[in-house]
Amino acid sequence: MNNTAEIQCPRSVTEEDRARAQIYQLLGVLLSGPPSSELLKGLASLQGDDTPLGAACKNVAVLAERTNPYDAEREYNNLFVGLGRGELLPYTSYYLTGFLNEKPLAALRTDLMARGIKARSDVKEPEDHIGTLCEIMAGIIIGEFPCDNDLPSQKAFFDTHLAKWAELFFTDLEEAQSAIFYGPVGSLGRAFMAVEADAFAI
């Protein structure tokens, strides 16, 4: 996503927010295309703890160490591309209406226009793809877009475009038949969405 405005409104970003943005960025990269060998090597060094989010990070690290780029690409294609369609359709419209390119996509495009966020020309997927939404959330958190990175703005975007379906999508990914490396990615996404929902509810 690109910022169409000339003026940024700088705001100090806390370490906690940077960490949140990094998880959104990671999910965005992993869901927008298969991981490179460099990314898999980096993921293999992830650390975790005993929280659901920390355990998911450790599991991603274990699977990343065992997965080669060829297998990761084949798995990604089986999950999200397939012949005609993959095992999962990672779009807001599909999860909320059962169809692609429906009202949730139109509402998202209206919101993005109001925020001064424009889709990159090299991205062919509709904007309500889960990878794109994670990328946008990361951008909002770190202030990549104009004047809209405060907590109410983050909450408004999350509540409108992610809260109603993202945790369900990540649960489906966690349990998908084709998911081996992406199973722990689903666990990571599910745990993170739960943490975000709880934090925004306070």
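Residue-wise test of (1) open to solvent by less than 80 Å² (accessible area, probe 1.4 Å); (2) part of a helix (DSSP H, G or I).
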{"residue": "ILE23", "(1), (2)": "yes, yes"}
{"residue": "GLY28", "(1), (2)": "yes, yes"}
{"residue": "LEU40", "(1), (2)": "yes, yes"}
{"residue": "CYS57", "(1), (2)": "yes, yes"}
{"residue": "GLY82", "(1), (2)": "yes, no"}
{"residue": "PHE99", "(1), (2)": "no, no"}
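Quick test of your reading of the structure: GLU75 fulfils all but one of (1) free of Cβ contacts under 8 Å to residues at least 60 places away in the same chain; (2) closer than 21 Å to ALA179 by Cα; (3) open to solvent by less than 30 Å² (accessible area, probe 1.4 Å); (4) out of contact with any Gly (no Cβ under 9 Å at 6 or more places or on another chain). Name the failing condition by number.
Only one criterion is unmet by GLU75, namely (1).
Rundown of residues vs (1) touching a Lys or Arg at 6+ places or on another chain (Cβ under 6 Å); (2) exposed (fewer than 14 other Cβ atoms within 10 Å of the Cβ); (3) part of a helix (DSSP H, G or I); (4) of a type in the set (D, E, K, R), yes/no style:
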{"site": "ASP50", "(1), (2), (3), (4)": "no, yes, no, yes"}
{"site": "ALA61", "(1), (2), (3), (4)": "no, no, yes, no"}
{"site": "LEU88", "(1), (2), (3), (4)": "no, no, no, no"}
{"site": "PRO104", "(1), (2), (3), (4)": "no, no, yes, no"}
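Can you name the number of the only condition in (1) at pLDDT 95 or above; (2) under 19 Å from LEU133 (Cβ atoms) that LEU40 fails?
In the conditions (1) at pLDDT 95 or above; (2) under 19 Å from LEU133 (Cβ atoms), LEU40 misses (2) alone.
Restricting attention to helices (runs of 4 or more DSSP H) lying wholly within the stretch 108-202, give those where 2 or more residues are open to solvent by 10 Å² or more (accessible area, probe 1.4 Å) and aliphatic (A, V, I, L, M).
Passing ranges, in order: 151-161, 182-201.
The values are calculated or read from the model by the stated rules, or taken from the named source; none is laboratory data. Remember, it's a predicted structure, so these values are computed and weren't measured experimentally. So basically every Cβ, Gly included, is an ideal-geometry build from the backbone, and we count neighbours across all protein chains shown. Surface accessibility is based on the protein's heavy atoms, side chains included, excluding ligands, DNA and RNA. Shrake-Rupley method; radii C 1.70, N 1.55, O 1.52, S 1.80 Å.
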